[in-house]
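S.K.: Submitted below is the structure of interest, expressed as structure tokens.
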Amino acid sequence: MTATDDAAARIVDDALGPEKREEKKSASTRLVELAEQIYRLGVSTQEQPFAVPRNGPRLVRMLRGGKSSMRAQLARKYYTATGKAAPAQALADAMLVLEGRAADCEPETLHLRVAETTDATYLDLADATGRAVRITAGGWEIVNDPPVLFRRQLTAPLPTPTRSGSIDQLWHLLNVAPEDRPLILAWLLCVLAEGMPHPILGLWGEQGTGKTSAAKMLTLLDPTGAGVQKAPRDAEAWITTASGSWIVALDNISALPEWLSDSLCRAVTGAGDVRRQLYSDADLVIFAVKRCLILTGIDLGAVRGDFADRLLPVTLHRIDDDARLEDDALSEAWEQSYPAILGAVLDLAASLKQLLPSVELARKPRMADYARRLAAVDQLLGTEGLAHYLKRIGGLATEALTDDPFLIAMGEHLQVGETFTGTAADLLTRVTPDVERWRAPKGWPATARAVTQQLRRQAPNMRRAGWTVNELPAGHSNLVHWQIRPPCREAGNRASQDSQSRNHAQNGPSGASQDSQNASQDSHGAGDNSHPEPDSTLTREAASHARHKSGLLYTDETGDADPPDWTAAAAEYLRDAGRVRHPELRPCTTCRQPLGGLAALGWDHHGDCELAS
């Protein structure tokens with residue numbers, strides 16, 4: 001029997017009193033008295049009742065829940081003190097009383113792993129002692145009694161950090177390219193900032209690039225027993241997934257449905273959801289989660305603009321077979337380096353706190369808080385992460401447009417330098433192909449109102465891609481008018497020319513630079529009415545798109561729902577002199593794959609190819 005159990009027994013004995021008083025006190029009353037003697041009751045800002053021990057470490061226990069809840073602990077202590085199990089009805093009655101008493105308390109903030117005060121940041125070590133790391137501008141230290149309350153669900157203990165480590169130890173184990181390391185470091189430092197919106201860290205790469213291992217390591221500030229998790233099946237499952245930890249890592253994401261995209265965006269900003277409380281017909285409860293998110297996958301492709309604004313994409317490169325570690329060896333190396341790596345991150349966090357007030361950005365991207373911390377990391381380490389980040393998110397904005405067939409059609413029908421001014425209905429009429437058997441693809445707006453909604457949603461990405469998009473005041477007709485101008489083709493090509501110049505300086509007139517020049521001649525030298533002949537690199541998607549844009553549906557003419565040779569189908573279309581020109585089949589000047597919708601936006605290369613070069 002522990003000292004706490006002895007105290008509980010004495011409390012019960014005092015509560016029982018003489019024999020005739022024992023007959024008057026019910027078991028539920030004894031449970032309430034026992035609970036109030038051992039715990040201080042409280043209620044969170046989200047109206048969840050909790051209890052904190054009056055003596056010892058201030059470990060928050062929610063009133064209801066699993067084995068760590070106050071209800072479970074109260075039942076155990078009652079049995080230890082009386083030798084009898086608490087009756088189920090008496091325990092239920094006692095909990096109702098305790099919840100009511102807790103509701104009368106002033107709401108308090110319960111933090112999950114990280115807490116910020118006016119002068120310091122606290123990182124919960126999540127051990128049985130209640131210790132936390134206190135981070136200030138002057139350094140960091142471990143404190144035994146932090147002035148904040150932490151709740152724990154999936155929270156796993158952190159190792160005791162040491163001061164002998166270097167951040168380079170992390171890169172020995174993590175498969176991240178040098179140019180992406182400042183981006184990763186800034187993201188880790190943002191994990192220690194409780195109030196700011198955190199970018200969604202996307203780890204992309206082919207099979208065998210160590211995506212899952214990297215995601216596990218990057219939860220180093222908030223490890224959980226669950227590790228990386230699978231994608232939730234619906235919005236309700238997402239709330240359960242996000243409730244238990246400060247960092248939420250979702251593994252092997254192959255597609256991003258709209259509901260998940262919206263849920264992840266809300267988790268970045270901390271927007272809440274209202275749900276009916278469990279076991280209640282009328283009570284409502286607010287689930288407001290602001291989380292640090294990690295996604296892994298091969299490639300999500302084009303994503304919605306609001307998600308692209310919040311995404312921090314990092315591509316992992318293939319690990320050579322002779323450099324790959326077995327899982328046991330990697331785990332052992334990680335456990336040995338973990339305390340030193342954690343200490344190195346804390347050192348950098350303290351330096352960041354000291355420098356950050358003096359860092360200002362001339363221009364702020366959507367994730368401005370992250371960009372400011374990234375700029376501070378650049379100053380501390382002498383890196384160029386911010387420039388790399390801005391270039392990366394610019395490419396994401398352009399890729400987001402290529403998933404919208406209406407915007408692709410706008411790029412084809414509006415001439416370079418032309419300014420369209422008119423209503424959404426005028427624009428829909430201008431862009432819709434005048435072909436007898438044309439069918440609208442998925443995502444094509446059916447009404448002028450849908451066009452307005454689509455333009456408002458995509459306008460930020462269009463502007464980043466070089467478009468001019470202005471919503472004009474409604475006139476006497478009360479109809480919204482738009483002013484739209486496509487990007488200058490020279491602006492779209494400038495990045496590719498800079499890339500070719502760098503290759504020329506590195507490789508001379510031959511090699512990669514010469515290949516890029518030849519590719520550029522293939523793309524532009526034949527004139528506006530010429531088309532590159534499709535070759536074996538033409539993808540099924542490009543051929544299908546060419547078939548669709550021509551207005552010819554093979555299912556109507558031949559009855560064959562799946563032509564066996566999609567390359568030949570595209571070639572037949574391109575050879576037909578009466579068809580409209582198709583710039584999306586032009587090859588990229590770097591990888592020679594079809595450009596798709598990028599060509600209509602004025603690009604002659606894929607964004608990733610430009611970055612890789």
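S.K.: Given a cut-off of under 8 Å on Cα pairs at least six residues apart, what relative contact order in percent is computed for segment 49-111? Before the final figure, lay out the partial values.
M.R.: Numbers: 47 pairs, mean separation 14.5, N = 63.
Across segment 49-111, relative contact order equals 23 percent.
S.K.: Highest mean first, how do 100-109, 56-65, 416-425, 199-208 rank when packing is the count of other Cβ atoms within 10 Å averaged over residues? Mind dumping the intermediate values first?
M.R.: Details: 100-109: 12.8, 56-65: 16.9, 416-425: 14.6, 199-208: 19.7.
Answer by packing, highest mean first, reads 199-208, 56-65, 416-425, 100-109.
S.K.: Next question. Could you rank Leu428, Leu380 by how accessible they are, 1.4 Å probe, largest area first? Walk me through the intermediate numbers first.
M.R.: Values: Leu428 25, Leu380 65 Å².
In descending accessible area the options line up as Leu380, Leu428.
S.K.: Among 34-40, 184-190, what's the highest-first ranking by average C-beta atoms within 10 angstrom per residue?
M.R.: On the way: 34-40: 18.7, 184-190: 23.1.
By packing density, highest mean first, the sequence is 184-190, 34-40.
S.K.: Ordered by packing density, taken as the mean number of other Cβ atoms within 10 Å over each peptide's residues, highest first, how do 324-336, 228-240 rank?
M.R.: Values: 324-336: 12.0, 228-240: 15.0.
Ranked by mean Cβ neighbours within 10 Å, highest first: 228-240, 324-336.
S.K.: Which value in nm describes the separation of the simple spin-label points at Leu479 and Arg318, placed 7 Å from the Cα toward the beta carbon?
M.R.: Between Leu479 and Arg318, the simple spin-label model gives 5.5 nm.
S.K.: Simple spin-label model, 7 Å along Cα-to-Cβ: Ser243 to Thr129 in nm?
M.R.: 3.2
S.K.: Let me ask something additional. Separation between the Asp403 and Leu390 pseudo-spin-labels, each 7 Å from Cα along Cα→Cβ, expressed in nm?
M.R.: With each label placed 7 Å out from Cα toward Cβ, I get 2.6 nm.
S.K.: Shifting gears a bit: Among the listed pairs Lys364/Lys442; Lys290/Lys353; Lys216/Lys391, give every one whose C-alpha distance is greater than 29 Å.
M.R.: Lys364/Lys442
The values are calculated or read from the model by the stated rules, or taken from the named source; none is laboratory data. Bear in mind that the values here come from a model prediction, so they are computed numbers and not experimental data. In this analysis, Cβ positions are derived from the backbone assuming ideal geometry, glycine residues included, and neighbour counts consider all displayed protein chains. All accessible areas refer to the heavy atoms of the entire protein, side chains included, with ligands and DNA or RNA removed. Shrake-Rupley method; radii C 1.70, N 1.55, O 1.52, S 1.80 Å.
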